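Every number in this text was worked out from the coordinates using simple rules, so none of it is lab data. From a predicted model like this one, the values you see are computed outputs, not experimental measurements. Here the Cβ positions follow ideal geometry from the backbone for every residue, glycine too, while neighbour counts run over all protein chains shown.
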Amino acid sequence: METFRAEALEAAGIYDRFLQDNHARSVRGVLRGLHYQLQHPQAKLCRVVSGEVFDVAVDVRLGSPTFGRWFGVALSEENKLQIYIPQGFAHGYVVRSDSADFLYKCSEYYHPGDDRGVLWNDPAIGIEWDTLEPILSGKDQQYARLADVPHDMLPRYEP
């Protein structure tokens with residue numbers, strides 16, 4: 001199966017140059033997110049090669065007409081779907097299967113000091129996760145609600 005073809009993405013209006021591939025393996029109930037980088041924003045192209053996740057993108061760009069809105073899709077080894085996460089969007093997912101292998105391409109290198117995030121269960125965003133008690137990292141438990149993130153810590157919308 002072909003999993004990446006630049007000209008197919010360009011036909012869909014995606015012109016990012018991907019610089020880094022990442023592979024995460026997690027067990028049922030692990031929720032990662034909602035993450036973004038501010039100074040080194042990353043577009044991501046995500047897929048699952050084993051298991052299933054519910055993947056979510058949240059527009060956190062100040063001034064965007066869709067600011068604070070989310071989109072989610074199930075990604076699995078069976079459906080072979082991919083999701084494109086544009087720069088300026090926070091990203092997260094929760095594992096629905098016993099385990100999952102999650103692969104994603106990034107348009108910018110990971111910079112640990114540029115890690116930012118939004119609280120996974122911010123009621124103003126209202127993501128319909130299918131778990132009420134996820135397994136979270138300490139970092140992901142500490143993020144603020146979107147309304148409490150200082151404006152200089154959010155990306156800007158550029159039409």
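Identify the single condition in (1) surrounded by 15 or more Cβ atoms within 10 Å (Cβ to Cβ); (2) closer than 13 Å to Pro155 by Cβ that Gly63 does not satisfy, given that it satisfies every other one.
Answer for Gly63: the failing condition is (1).
If you scan segment 100-116, which residues turn out to be surrounded by fewer than 17 Cβ atoms within 10 Å (Cβ to Cβ) and touching a His at 6+ places or on another chain (Cβ under 6 Å)?
Passing the criteria: His111, Asp114.
Before we move on, is Leu38 in contact with a helix residue (DSSP H, G or I) (Cβ under 7 Å, 6 or more places away or on another chain) and surrounded by 15 or more Cβ atoms within 10 Å (Cβ to Cβ)?
It is true that Leu38 is in contact with a helix residue (DSSP H, G or I) (Cβ under 7 Å, 6 or more places away or on another chain) and surrounded by 15 or more Cβ atoms within 10 Å (Cβ to Cβ).
State which residue is surrounded by the fewest Cβ atoms within 10 Å (Cβ to Cβ) when the search covers only segment 123-140 and only residues that are in contact with a Leu (Cβ under 9 Å, 6 or more places away or on another chain) and either free of Cβ contacts under 8 Å to residues at least 60 places away in the same chain or in a helix (DSSP H, G or I) (or both).
For segment 123-140, the residue satisfying everything is Ala124.
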